[in-house]
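To keep things clear, I will list the structure first and then write my remarks on it.
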Amino acid sequence: MAQTSTGTAVVTLPSDTQILITRELDAPRHLVYRAYTTPDLVKRWWSGDRGEVTSAEIDLRVGGSWRYVMTANGGFEVAFHGVFREIVPNERIVGTEVFEGTPDGEAVNTVTFTEQDGRTTLTMLVQHSCVEHRDAHINSGMEGGMQEAMDHLEQLAVSLA
């Protein structure tokens, strides 16, 4: 039986412009990847406990775009979008990410899915253009929501087995 690992994502700052997020999930990587890249499944985990994803659009191809819109529990809407730069199915996704509230703060995310013994380590390296954007990202309260989202991602991936 799967053992979920609630709130165990580790956030580090490898450089002045980077955020590194690492989380082990108790599901094989093809299921984690599926949950991470399928719009109807993204809607079920991406907002954590912070609201409801009202739109998840994913054109999963190099040059394709993605956009997620969430109505937060406070009733306000937040949206993020980006463009895929590299896709290796079940292994790696590289793409841009823009919080539409600060459109000049584009980051590049490199997400890897590594499986060992049926468990997947999801690693996300967020590369910002400057320390100010990295610090604004960290200071936005992103970690709490990200921990919740990763918990939901793991629960969903486990349920797909």
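Just so it is clear, none of the values below were taken in a lab; they were calculated from the coordinates. These numbers were taken from a predicted model, which means no experiment stands behind them. Neighbour counts run over all protein chains shown; Cβ positions are idealised from the backbone, glycine included.
Dipole size of the chain about its Cα centre, with +1 on Lys/Arg Cβ and -1 on Asp/Glu Cβ: approximately 380 debye, rounded to the nearest 20. For the range 1-70, the convex hull spanned by the alpha carbon atoms encloses 140 Å³ per residue. Based on Cα contacts under 8 Å between residues 6+ apart, the chain shows a relative contact order of 30 percent.
Which of LEU20, ILE93, MET124 sits closest to the plus end of the dipole of the chain, meaning its Cα is farthest towards the positive end, when Lys and Arg get +1 and Asp and Glu get -1 on the C-beta? About the Cα centre, the residue reaching furthest to the positive side is ILE93. For the chain, the calculated P(r), taken from all Cα-Cα distances in 10 Å bins from zero up to the bin holding the longest distance, is 11, 41, 40, 8, 0 percent.
Phi angles across the range 77-82 convert, under the Karplus curve 6.51 cos²θ - 1.76 cosθ + 1.60 with θ = phi - 60°, into 3J(HN,Hα) values of 9, 10, 9, 9, 8, x Hz, Gly and Pro given as x.
Stretching ARG44 away from ALA72 to a fully extended chain increases their span by 8.7 nm, per 0.36 nm per residue minus the current alpha-carbon distance. Across the range 129-139, coupling constants 3J(HN,Hα) worked out from phi with the 6.51/-1.76/1.60 Karplus curve, θ = phi - 60°, read 7, 7, 4, 4, 5, 4, 5, 5, 4, 4, 7 Hz, and Gly and Pro carry x.
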